[in-house]
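Shown next, in structure tokens, is the structure this report addresses.
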């Protein structure tokens with residue numbers, strides 16, 4: 001794998017058929033990528049996966065397996081979720097070409113990118129999409145929008161390779177990289193802290209905390225704070241918790 005391909009990881013979530021894992025491995029390998037992450041696959045390792053991977057079995061051998069999506073996305077600074085349907089989670093929607101351009105720009109400034117694909121039958125659930133910064137829709141026809149998992153992976157791998165090659169041309173403009181956004185692992189810790197703080201200050205007052213957290217997630221994911229900015233936000237939350245404790249007659253420690 002080239003250095004240009006190193007920042008990109010293809011994440012398959014709750015894959016039902018091991019053959020699709022092998023076919024996806026082959027799809028990304030043909031485009032020069034080899035980082036594959038699996039979230040709760042129904043069956044892996046598998047001879048069927050090895051068979052359909054053809055000469056890309058090394059991709060399968062190096063694949064990482066995770067119990068949930070946040071664990072698979074922990075190092076990512078940009079997570080893009082593929083979805084054939086518009087879900088309740090309101091995220092920015094990109095075409096494959098737009099997504100590839102954004103992914104390559106993210107990698108150019110030192111970030112790590114995850115392309116996330118859901119289960120063959122149900123796709124990505126709302127909670128899984130909520131872990132992503134944006135959604136990607138392949139513009140298939142409306143009356144038959146169901147692509148095979150490996151086909152969807154191939155489309156994105158192809159667009160990503162085009163974007164990588166274009167970026168590598170002499171005409172590409174190199175800019176001074178800004179600090180990369182905080183990885184998903186740190187964002188998830190912040191969201192947990194935020195949820196605890198909202199409870200501590202009695203923010204919800206009968207309102208649905210799930211919907212409020214989804215909206216706040218969307219806001220933070222859109223802002224894409226870096227690690228330093230997250231530390232500031234954690235500090236604000238800690239002070240809010242301390243003041244809430246004092247208001248209740250406790251020392252807050």
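The values are calculated or read from the model by the stated rules, or taken from the named source; none is laboratory data. All values derive from a computational prediction rather than experimental measurement. Cβ atoms come from the backbone with ideal geometry, glycine included; neighbour counts cover every protein chain shown.
Of the residues 162, 147, 115, 124, which single one is within 17 Å of the chain's Cα centre (by Cα) and closer than 15 Å to residue 96 by Cβ?
Numbers: 162 fails: within 17 Å of the chain's Cα centre (by Cα); 147 fails: within 17 Å of the chain's Cα centre (by Cα); 124 fails: closer than 15 Å to residue 96 by Cβ.
Of the residues listed, the single one that is within 17 Å of the chain's Cα centre (by Cα) and closer than 15 Å to residue 96 by Cβ is 115.
Hey, among 101, 51, 130, 62, which residue is buried (at least 18 other Cβ atoms within 10 Å of the Cβ) and modelled with pLDDT of 95 or more? Break it down into steps so the answer makes sense when it comes.
Working: 51 fails: buried (at least 18 other Cβ atoms within 10 Å of the Cβ); 130 fails: modelled with pLDDT of 95 or more; 62 fails: buried (at least 18 other Cβ atoms within 10 Å of the Cβ).
After applying the criteria, what remains is 101.
Mind checking which residues of segment 127-150 are part of a loop (DSSP other than H, G, I, E, B), closer than 13 Å to residue 85 by Cα and touching a residue at least 40 places away in the same chain (Cβ under 8 Å)? Steps first, please.
Applying the first criterion (part of a loop (DSSP other than H, G, I, E, B)) to segment 127-150 yields 130-133, 137-148.
From what's left, closer than 13 Å to residue 85 by Cα: 137-147.
Within segment 127-150, 137, 138, 139, 140, 145, 146, 147 meet the criteria.
Going through 89, 184 one at a time, which residue ends up being under 22 Å from residue 216 (Cα atoms) and modelled with pLDDT of 95 or more? Write out each step before concluding.
Details: 89 fails: modelled with pLDDT of 95 or more.
Result of the check over 89, 184: 184.
Kindly evaluate residue 170 against the criterion of being at pLDDT below 95, exposed (fewer than 15 other Cβ atoms within 10 Å of the Cβ) and under 19 Å from the mean Cα position of the chain (by Cα).
Details: at pLDDT below 95: yes; exposed (fewer than 15 other Cβ atoms within 10 Å of the Cβ): yes; under 19 Å from the mean Cα position of the chain (by Cα): no.
For residue 170, the condition - at pLDDT below 95, exposed (fewer than 15 other Cβ atoms within 10 Å of the Cβ) and under 19 Å from the mean Cα position of the chain (by Cα) - is not met.
Okay, residues lined up against (1) under 17 Å from the mean Cα position of the chain (by Cα); (2) exposed (fewer than 11 other Cβ atoms within 10 Å of the Cβ); (3) assigned to a loop (DSSP other than H, G, I, E, B):
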residue	(1), (2), (3)
179	no, no, yes
185	yes, no, no
188	yes, no, no
204	no, no, yes
220	yes, no, no
234	no, no, no
238	no, no, no
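Among 69, 82, 73, which is farther than 24 Å from residue 146 by Cβ and either free of Cβ contacts under 8 Å to residues at least 24 places away in the same chain or crowded, with 20+ Cβ neighbours inside 10 Å (or both)?
Details: 69 fails: farther than 24 Å from residue 146 by Cβ; 82 fails: farther than 24 Å from residue 146 by Cβ.
Exactly one residue qualifies, and that residue is 73.
Please tell me if residue 245 is in contact with a helix residue (DSSP H, G or I) (Cβ under 8 Å, 6 or more places away or on another chain), modelled with pLDDT under 95 and either outside the structural domain of residue 106 (by the TED database) or in a helix (DSSP H, G or I) (or both).
Values: in contact with a helix residue (DSSP H, G or I) (Cβ under 8 Å, 6 or more places away or on another chain): yes; modelled with pLDDT under 95: yes; either outside the structural domain of residue 106 (by the TED database) or in a helix (DSSP H, G or I) (or both): yes.
Yes.
Based on this model, can you work out whether residue 3 counts as loosely packed, with under 15 Cβ neighbours inside 10 Å and touching a strand residue (DSSP E or B) at 6+ places or on another chain (Cβ under 8 Å)? Full working, then the answer.
Details: loosely packed, with under 15 Cβ neighbours inside 10 Å: yes; touching a strand residue (DSSP E or B) at 6+ places or on another chain (Cβ under 8 Å): no.
Answer is no for this residue.
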